[in-house]
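Everything below concerns the one structure shown next.
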Amino acid sequence: MSTGQITLLDLPSKEPCSAWSLNPWKTRMLLNFKGLDYKTEWTEYPDIEPKIQPHLPPNESGIPYTIPTVILPDNTWIMDSRKIANFIEKSHPQPSVHLDSPILPKVEQLTSDMLNQVRAACISRIPDNLLNKQSADYWYTTRAKRVGMPVGEFEKKYGGEAAYAGAEPFLQGITALLQENSAGPFFMGSTVSYADFVWVSALIFLKRIDEDIYRQVLQRTGDKGVHVKLVEACEPWLKRNNY
């Protein structure tokens, strides 16, 4: 990989603009931890596909073009936070983020399962609290198609206590993983790893959506303190959030 500045495509928020979206936060934390030179190119939802499509084939998942995407100094484009992590870890192995840790796939699965449960509590608050008009309009249209009803109706039907109760076993599973290594505060004790970035990104994502969602989630972890300590320990890689 040539030297030079990386470009990170990230989703803007309402002013004052700062990072909020889950998957871009994983990449942002990784770049911050590695100390790499990068700039942010804020990209609204409707602009993602036309910006990336000329450079990359679509994802095989239901969403063909996604953020984060990075543009390397040699104009190589990489889409998807995990693919980006794999490349960055290989090209800049130190300090390592331990992608081979057996904890990582457990954290990834539990995080995904938890977010699936709380999705209904978040789905209408994201455009209301975070998105600029062009992205909010896009969100309302695409998410309504995805869930089969207006997002406000989806939240009323499946959000609230039912969503948090459904998330609770997965949250407590993450707590158990954090408690396994008493050295703390990270999943690997005193060693930082990508697993920390995955979970902290999810917590920051929920906090940015709505402080009440964040509080509700922490209350159901079984040990709020270990999660708060993890976020505090990751603060050095969370500070850069608006450029």
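The values are calculated or read from the model by the stated rules, or taken from the named source; none is laboratory data. These figures come from a predicted structure and were not determined experimentally. Positions of Cβ are generated from backbone atoms using ideal geometry, with glycine treated the same way; all protein chains shown enter the neighbour counts. Accessible surface is based on the protein model in full, side chains and every heavy atom, while ligands, DNA and RNA are left aside. Shrake-Rupley method; radii C 1.70, N 1.55, O 1.52, S 1.80 Å.
With a cut-off of at least 2 residues that are more than 30 Å from N181 (Cα to Cα), name the helices (runs of 4 or more DSSP H) lying wholly within the range 53-165.
Here the list reads 103-122, 125-129, 133-147, 151-158.
Is at least one residue of the range 32-40 at pLDDT 95 or above, in contact with an Asp or Glu (Cβ under 6 Å, 6 or more places away or on another chain) and not small (G, A, S)?
Looking for residues that are at pLDDT 95 or above, in contact with an Asp or Glu (Cβ under 6 Å, 6 or more places away or on another chain) and not small (G, A, S), one finds at least one in the range 32-40, hence yes.
Starting from the range 170-181, take each residue that is in contact (Cβ under 8 Å) with a residue 40 or more places away in the chain and within 11 Å of H227 (Cα to Cα) and list its partners that are surrounded by 15 or more Cβ atoms within 10 Å (Cβ to Cβ) and among the hydroxyl-bearing types (S, T, Y), counting only C-beta distances under 6 angstrom and pairs at least six apart or across chains.
Partner pairs satisfying both residue conditions: L171/T221; T175/T221.
What are the residue pairs meeting all of these: first residue in the range 116-129, first residue free of Cβ contacts under 8 Å to residues at least 40 places away in the same chain and at negative phi, second residue open to solvent by less than 70 Å² (accessible area, probe 1.4 Å) and among the aliphatic types (A, V, I, L, M), Cβ atoms under 9 Å, and 6 or more apart or on different chains?
Note: pairs meeting the criteria are N116/A167; I123/V147; I123/V151; S124/V151; P127/A136; P127/V151; D128/A136.
With respect to P16, determine if the residue is over 25 Å from L131 (Cα atoms), part of a loop (DSSP other than H, G, I, E, B) and open to solvent by 10 Å² or more (accessible area, probe 1.4 Å).
Considered against the rule, which asks whether it is over 25 Å from L131 (Cα atoms), part of a loop (DSSP other than H, G, I, E, B) and open to solvent by 10 Å² or more (accessible area, probe 1.4 Å), P16 comes out as no.
Mind listing whichever residues of the range 220-231 are touching a residue at least 24 places away in the same chain (Cβ under 8 Å) and either over 17 Å from the mean Cα position of the chain (by Cα) or not in a helix (DSSP H, G or I) (or both)?
Across the range 220-231, the qualifying residues are R220, T221, G222, D223, V226, K229.
Within the range 197-229, can you find the residues that are of a type in the set (D, E, K, R), within 27 Å of P12 (Cβ to Cβ) and either surrounded by fewer than 18 Cβ atoms within 10 Å (Cβ to Cβ) or in contact with a Cys (Cβ under 8 Å, 6 or more places away or on another chain) (or both)?
Going residue by residue through the range 197-229, those that are of a type in the set (D, E, K, R) are 207-208, 210-212, 215, 220, 223-224, 229.
Narrowing the set further to residues that are within 27 Å of P12 (Cβ to Cβ) leaves 207-208, 210-212, 215.
Within the range 197-229, K207, D210, E211, D212, R215 meet the criteria.
If you check G62 against the conditions, is it open to solvent by 70 Å² or more (accessible area, probe 1.4 Å), of a type in the set (G, A, S), out of contact with any His (no Cβ under 7 Å at 6 or more places or on another chain) and within 27 Å of A195 (Cβ to Cβ)?
For G62, the condition - open to solvent by 70 Å² or more (accessible area, probe 1.4 Å), of a type in the set (G, A, S), out of contact with any His (no Cβ under 7 Å at 6 or more places or on another chain) and within 27 Å of A195 (Cβ to Cβ) - is met.
From the list I48, I63, I78, exactly one residue is out of contact with any Leu (no Cβ under 6 Å at 6 or more places or on another chain) and at pLDDT below 95. Which is it?
Of I48, I63, I78, the one residue that is out of contact with any Leu (no Cβ under 6 Å at 6 or more places or on another chain) and at pLDDT below 95 is I63.
What are the pairs, 6+ residues apart or on separate chains, where a residue within the range 186-210 that is free of Cβ contacts under 8 Å to residues at least 12 places away in the same chain has its Cβ under 6 Å from a residue that is surrounded by fewer than 22 Cβ atoms within 10 Å (Cβ to Cβ)?
Taking only residues 6 or more apart or on different chains, the pairs are G189/N181; G189/A183; S190/A183; K207/Y214.
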